[in-house]
Amino acid sequence: MIKFFDYPKILKPHKRKIYKNFDKIFDSGTFILGKEVEEFEKKFSKYTGSTYSIGVSSGTDALLSIFMSLGLESGDEVLVTSYTFIASITSIIRAGLKPVFVDLEKDSYHPNLDNVLDAWTPKTKAVLFVHLFGEAKEIEDLKKVCDERGAYLIEDCAQSFGSKYQNGKHVGTLGHAGAFSFFPAKNLGCLGDGGMVITSDQTLEQKIRMIRAHGSKKRYYHEMLGGNFRLDTIQAASLNVLIDQVDEWIEKRKDNAEYYLKNIKNDCVIGMPKNYLGNSWNQFVIRVKNRDGLKKYLEEKGVETFIYWGLGSHQQKVFLNEDFSKKDLPETNKRCEEVLALPVYPGLLKRERKEIVDLINNFKE
């Protein structure tokens, strides 16, 4: 079996260093926040070039804490793609705001500026731009529009740690705040759940630090509504080791992606991902005429693949009775019928990726 992602395989060389950090935590008795979290926040800021980094409990809670910090009114609208993991949408709703779905650009996994402007209303107070699959989409024009119209630009970077814009800056540093996830299968994953918020806005930074600790600066004195969004010390301890390996891992992902781009040659594949300069290749997603047929064929041959996603958020059952879900999103619907993600993780062997390419090239619809 060629796994889609084999975390134990890539963790094994770093196990001893991680365990050494764990021993220190057990001896200290500090299991939530603590100096390991502070150290990781500093490392994260250095890596991304962000002014402030705030460790939180998951990528979902990173988004939720951002929206809770903005001071928007109940029912204010946030423009967001429907083609994303559902946490992008639920974080907006849980903060008392209203998502407004934006369709995708043709032959893309992202909206363009025109798509965003078509959905803009007088109630639009923020845009959540999701950098999918490691693609660092250029959004300077979008930032300019948001600034001109007094709206917040938030970047969902859950799938794009290590991705950079053409100017060399890390994703998440252009908007008012950026949210990251350390779910194990990410470019930088921990041993459970974890997340990070980055921002250059000191006011947002201070609010989010309070929000992650039930709205308090001082223990048991609560000044605003918050939650239990703290990053566990043990997760920060593992991330302090693994962040030093990320550049090497991303280079391996790039090498795997470039091999696919060069060698996959079958008319069943109707769309290959774009090799953006700053792409960190969190996923390698192709578009296929007979997606389900190819997926089944590869699984029968022992290759694990994933579909991101079989339904757009506007089609999810949880939202079917909501007015914001009743929108025609033809490009989003197409993507959900076409996409298939291939193994691209850094532990993928050369013989394995060759086998995957040969199987795809030999596939007959």
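If you go through segment 216-236 and keep only what is in contact with a Phe, Trp or Tyr (Cβ under 6 Å, 6 or more places away or on another chain) and either among the aromatic types (Phe, Trp, Tyr) or farther than 14 Å from residue 54 by Cβ (or both), you end up with just 233. Restricting segment 240-250 to residues that are surrounded by 14 or more Cβ atoms within 10 Å (Cβ to Cβ) and out of contact with any Leu (no Cβ under 7 Å at 6 or more places or on another chain) leaves a set whose member that is nearest to residue 163 (Cα to Cα) is 250. Pairing each residue of segment 276-292 that is under 25 Å from residue 248 (Cβ atoms) with any residue that is of a type in the set (Asp, Glu), provided the two are 6+ apart or on different chains, yields C-beta distances under 8 Å for 276/135; 279/135. When 256, 290, 321, 266 are checked against the criterion of being within 30 Å of residue 14 (Cα to Cα) and either crowded, with 19+ Cβ neighbours inside 10 Å or over 24 Å from the mean Cα position of the chain (by Cα) (or both), a single residue qualifies: 256.
Cβ separations smaller than 6 Å between residues 6+ apart or across chains give the following pairs from segment 204-229 residues that are touching a residue at least 24 places away in the same chain (Cβ under 8 Å) to residues that are in a strand (DSSP E or B) and among the polar types (S, T, N, Q): 205/199. The selection criterion, being in the same structural domain as residue 165 (by TED's automatic domain parsing), among the hydrophobic types (A, V, I, L, M, F, W, C) and under 19 Å from the mean Cα position of the chain (by Cα), does not hold for residue 32. The combined condition, being out of contact with any Cys (no Cβ under 6 Å at 6 or more places or on another chain), charged (D, E, K, R), over 19 Å from residue 183 (Cα atoms) and surrounded by 14 or more Cβ atoms within 10 Å (Cβ to Cβ), is fulfilled by residue 209. For residue 188, are the conditions met, namely being crowded, with 16+ Cβ neighbours inside 10 Å and more than 28 Å from residue 76 (Cα to Cα)? Answer is yes for this residue. Filter segment 6-59 for residues that are under 14 Å from residue 234 (Cα atoms), surrounded by fewer than 17 Cβ atoms within 10 Å (Cβ to Cβ) and of a type in the set (Val, Ile, Thr) and give the result. Across segment 6-59, the qualifying residues are 30, 32.
Picking from residues in segment 269-282 that are at pLDDT 95 or above and either part of a strand (DSSP E or B) or of a type in the set (S, T, N, Q) (or both), the one that is surrounded by the fewest Cβ atoms within 10 Å (Cβ to Cβ) is 270. Among the residues making up segment 333-359, those that are crowded, with 18+ Cβ neighbours inside 10 Å, assigned to a helix (DSSP H, G or I), touching a strand residue (DSSP E or B) at 6+ places or on another chain (Cβ under 8 Å) and not β-branched (Val, Ile, Thr) are 335, 338, 359.
Condition first: more than 9 Å from residue 127 (Cα to Cα) and surrounded by 17 or more Cβ atoms within 10 Å (Cβ to Cβ). Now tell me which residues in segment 146-168 satisfy that. Let's see the steps before the verdict.
At the first step, the residues of segment 146-168 found to be more than 9 Å from residue 127 (Cα to Cα) are 147-150, 156-168.
Result: 156, 157, 158, 159, 160, 161, 162, 163, 164, 165.
Looking across 353, 335, one residue alone is within 20 Å of the chain's Cα centre (by Cα) and charged (D, E, K, R). It is 335.
Matching residues to (1) under 29 Å from residue 79 (Cβ atoms); (2) out of contact with any strand residue (DSSP E or B) (no Cβ under 8 Å at 6 or more places or on another chain):
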site: 267; (1), (2): no, yes
site: 279; (1), (2): yes, yes
site: 292; (1), (2): no, yes
site: 303; (1), (2): no, no
site: 306; (1), (2): yes, no
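When residues in segment 105-137 are screened for being aliphatic (A, V, I, L, M), modelled with pLDDT of 95 or more and not in a helix (DSSP H, G or I), 4 of them pass. Might you let me know whether segment 72-82 holds any residue that is at negative phi, buried (at least 18 other Cβ atoms within 10 Å of the Cβ) and hydroxyl-bearing (Ser, Thr, Tyr)? Checking segment 72-82: at least one residue is at negative phi, buried (at least 18 other Cβ atoms within 10 Å of the Cβ) and hydroxyl-bearing (Ser, Thr, Tyr).
For residue 89, state whether it is over 25 Å from residue 317 (Cα atoms), touching a residue at least 60 places away in the same chain (Cβ under 8 Å) and either among the charged types (D, E, K, R) or not assigned by TED's automatic domain parsing to the domain that holds residue 325 (or both). For residue 89, the condition - over 25 Å from residue 317 (Cα atoms), touching a residue at least 60 places away in the same chain (Cβ under 8 Å) and either among the charged types (D, E, K, R) or not assigned by TED's automatic domain parsing to the domain that holds residue 325 (or both) - is not met.
The values are calculated or read from the model by the stated rules, or taken from the named source; none is laboratory data. Please read all numbers here as calculations on a predicted model, not as lab measurements. Cβ coordinates were reconstructed from backbone atoms using ideal geometry, including for glycine residues, and neighbour counts include every protein chain displayed.
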